[in-house]
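Peer 1: Questions regarding the structure given below will be posed in turn.
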Amino acid sequence: MFKDISTVFKKEIKSILKDKAVLLMCILLPFGIMFMEGYLMTALADTDEKETTYNAYYINAPQELEEGLKAIGFSDKKVDRDTCVENIKNKEDKMLVIFPEDFAIDPNGVNVPNIEIYYNSSDNDSLKLREKISTLLDALRPEVFTINADTSITYDLGDEDYQAKNMIASMVPGLLVMTIIYGIMSLASNIIAGDKESNFLNTVLITPVKRSSVAIGKALAVMTAAGISAISAFAGLAYLMSKFNEMLGEYAVSYATKDYIMTFVVIICEAFALVGLILIISTLAKTARQAQTLSVIPIMVLFLGSFLTSNAGFESFLTSFGAKNYMIPMWNASYLTKNILLTGVSTTDIIVACVINIIFGIFCLGVVSALFNNEKIVNE
């Protein structure tokens, strides 16, 4: 039996290696998705930091404020009030700030000057300027009291890296699964349904090789491809993390090697379970197109699970389930990966989740093998 499984496995691996499209999906796509995510992240950060001058203007601004206004993107061009207001309404200009003549701050708060700020809430640049000028003007308001003025005292008693880690933990699990599964989804859904549609499966099943050996050999080939995709995805993750930390600057976070190893193991076990499920769909489907269409369903459910684990509104709800979260195949990996990257987890939790996913994957292989033994899957 093991010899037959090995024969089928080698045949499928050779077929995968000869197919450049499959190699592209399994090896280059996972790394490429991570690389582009990191590149876009850097590009967006550069855009935010780049100094921009908008079509934003001011009238009667005091001299001490002019430099600050120019620094956040205002122009010192002289404009007509009514014309500028109309342009802001039409999204041609971004903002107009009108200071009262002889503008001055009364520290006693008796004579409070009114500053008119015209902006357009349906224009993103106008909203950005609204936030910037609010920050600028807040600094000029008379101080009634101060908050946390002593810089030698640490007032934030939580993990100073929590927000950055939370961003990473909310993004990475779903992104990893997406890149790995997208790389092998076509292969996993076609490897049986495609042979069935082309009638090649009929030839295979009338050979002396046991049908269960054919099923397991094909499944192991797909799971090997999933492992290759996972390695590619984690290589891309290294680049993504470096770019993410560049964007965070002084708030950059770092993880120990064991954290990456644990994440890799958990994601691989999750992919094993998901591939097993897709292979069942591929075996039941009558055509390759049907298999690909139906395979999207469990993947979308899994992505929904990744979204729920990253949603702060569900955090208390999920926490109430406790260890039960680790008992649900595939879902447990998304939940566990976030905790690895955010707060850390115990070795026991990792072992439980991985064993559950491996058992589920083996169960799926058993189902595929049983379906192969059912002669109804052969197209007469």
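Taken together, the values in this text are just the output of simple stated rules run on the coordinates, not laboratory data. Note that this is a predicted model, so its numbers are computed, not measured. Virtual Cβ from ideal backbone geometry, glycine too; neighbours counted across all protein chains shown.
Peer 1: How do Val355, Val368, Val112 rank when sorted from fewest to most other Cβ atoms within 10 Å of their own Cβ?
Peer 2: Val112, Val355, Val368
Peer 1: While we're here: So how much slack lies between Tyr162 and Asn245, counting 0.36 nm per residue of separation and subtracting their Cα-Cα distance, in nm?
Peer 2: 28.5 nm
Peer 1: Give me the net charge for the shell around Ser213: Cβ to Cβ below 10 angstrom, other residues only, Lys and Arg +1, Asp and Glu -1.
Peer 2: Computed value for this residue: +3.
Peer 1: Something else: Based on the alpha carbons, how large is the Rg to Rh ratio for the range 161-200 when Rh follows Kirkwood?
Peer 2: Radius of gyration over Kirkwood radius for the range 161-200 works out to 1.40.
Peer 1: Give, in nm to one decimal, the length gained when the segment between Asn124 and Asp150 is fully stretched (0.36 nm per residue of separation minus the Cα-Cα distance).
Peer 2: 5.8 nm
Peer 1: Of the cross-linked pairs Lys78/Lys132; Lys3/Lys258; Lys3/Lys196; Lys89/Lys132; Lys89/Lys128; Lys70/Lys91, which ones have a Cα-Cα span greater than 26 Å in the structure shown?
Peer 2: Beyond 26 Å: Lys3/Lys258.
Peer 1: Please report the net charge: other residues with Cβ closer than 13 Å to the Cβ of Ile27, K and R +1, D and E -1.
Peer 2: 0
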